[in-house]
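First the structure, in the form of structure tokens, and then the observations on it.
The values are calculated or read from the model by the stated rules, or taken from the named source; none is laboratory data. Predicted, not measured: the structure shown is a model, and the values here were computed from it. Here the Cβ positions follow ideal geometry from the backbone for every residue, glycine too, while neighbour counts run over all protein chains shown. Remember, those area values only see protein heavy atoms, side chains included, never the ligands or the DNA or RNA. Shrake-Rupley method; radii C 1.70, N 1.55, O 1.52, S 1.80 Å.
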Amino acid sequence: MTSKAALRPHVLSLRLYGSVFLALVALTGVTVLTAQWNLGAWNIWLAMLIASAKAALVLAVFMHLWFDSKFLLLVLGGTLTFLAVFAGLTLMDLSWRATVDAQQATGLPRDERVYEYQRQHPGTPPLRPGLREPRTGETAH
Amino acid sequence: MPRVIFSPFPLAHHFRQPRQQQEAAKLGMWLFLVTEILLFGGLFVAYAVYRHERLPLFAQASRLLDVRLGAFNTVVLLASSLSVALAHRCAQLGRRNGTVFNLAFTLACGGVFLAVKASEYKHKLHAGLLPGALFADTTVSSPDQAHVFFSLYFGMTGLHAVHVVLGMVVIAWLLARAMRGCFGPHYTVPLELGGLYWHLVDVIWIFLFPLLYLV
């Protein structure tokens, strides 16, 4: 019996599968509950933390990553790293662009923003390369 | 030299042992799955950009979705993830009926998920909560911008639903094979790989749910 069991690859216990499922359902409840609280900007981070915990449970147990070759972790980790670079740089740009470009906050498309700024501030330097004055009759896109 | 083949699937000549062959198959599946993560990653970043620009509007538009339906669908997908993992486990233990039952349950869960999604889409179609110029709801504060949320909503849940449909095709194929008794303790690779795909679809929904329904 033991030798036969040794041939079998990695059978996880029902108890483990069951408790992971219950934890996932409980965390779904938690995320619905915490969404009712008003934590300002922290709401989204809390929701993403809970979602990441749920995803980690699915990946580790249901998808066997915890028990499989660590090389698969490298593949996944590499992907997530590059995704984080993509998302991180984009969000950094969004968050701090206004401190660099004072005309950002008007909500107009870039060309018109610059034009509007220059109209209100006579004597500012001419349009930067690549920017143009809106043609007559042109609407915001 | 005695040669023992554990799997009904022949060992390809460029592999040393069945185990190596299995690991290679799994690595290939994971490479495919990470491209899926990158595909959805682009949409998640697009979501982040628009949400950053108009958060109050997103909060308002999100309240037009039914959280109960979203939460219900989350639990349905979680249950289907559990059952597909159990189908694999049953095959590992040589329990054919268990495999068949669990795969059938998974397929049913996929059907329930899509049915709920379809009823949500139908409601939005009637209420005019549609992407782009089709947006016709007047209760939000700036209807000219709220369509952005629904463009993302339909783009993301639509692509996800396509994945659910494809996953169901895979599960149905696995179910047919399981009923013929193709899988056993020594041959579970297709079950495992199909399951990985299904779990990934579940993981994506885990992120979509709070982002869309709980802004």
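Brief remarks on what is shown
- Taking 31 Å as the limit for the C-alpha separation, the pairs A:K70/B:K117; B:K26/B:K122; A:K54/B:K122 exceed it in the case of A:K70/B:K117; B:K26/B:K122.
- Per-q log10 I(q)/I(0), chain B, q = 0.08, 0.14, 0.15, 0.16 Å⁻¹ (Debye; single scatterer per alpha-carbon; no solvent): -0.37, -0.86, -0.95, -1.03
- Averaged over the residues of B:179-192, the number of partner chain Cβ atoms lying within 10 Å of the residue Cβ comes to 1.
- What segment A:15-93 shows is 56 Å² of accessible area per residue, with the surface traced by a 1.4 Å probe over protein heavy atoms.
- Taking the C-alpha atoms only, the angle from helix B:96-127 to the longest principal axis of chain B is near 10 degrees.
- Mean partner shielding of peptide B:203-211, defined as the number of other chain Cβ atoms within 10 Å of each residue Cβ, is 6.
- Contact residues in segment B:47-79 (at least 50 Å² less accessible area with all protein chains than alone, 1.4 Å probe): B:H52, B:L78.
- Part-to-part distance (alpha-carbon centres) for segment A:19-86 and segment B:132-184, which is given in Å: 20
- When the solvent-accessible area of chain B is split by element, carbon and sulfur atoms take up 67 percent of it, the probe being 1.4 Å.
- Most to least packed among A:55-61, A:80-86, B:86-92 [average Cβ atoms within 10 Å]: B:86-92, A:55-61, A:80-86
- Chain B against chain A buries an accessible area of about 3800 Å², both chains summed, 1.4 Å probe radius.
- Three semi-axes of the equivalent ellipsoid, segment B:98-215, Cα gyration tensor, whole Å, largest first: 37, 13, 10
- Take each residue in A:59-71, count the other chain C-beta atoms within 10 Å of its C-beta, and the mean is 4.
- Remark: C-alpha extents of segment B:141-185 on the principal axes read 58, 16, 11 Å, sorted largest to smallest.
- Per residue, in Å², the accessible surface of segment B:71-162 once ligands and nucleic acids are set aside, probe 1.4 Å: 39
- Report note on the peptides B:193-199, B:42-48: ranked by the mean count of other C-beta atoms within 10 Å, highest first, their order is B:193-199, B:42-48.
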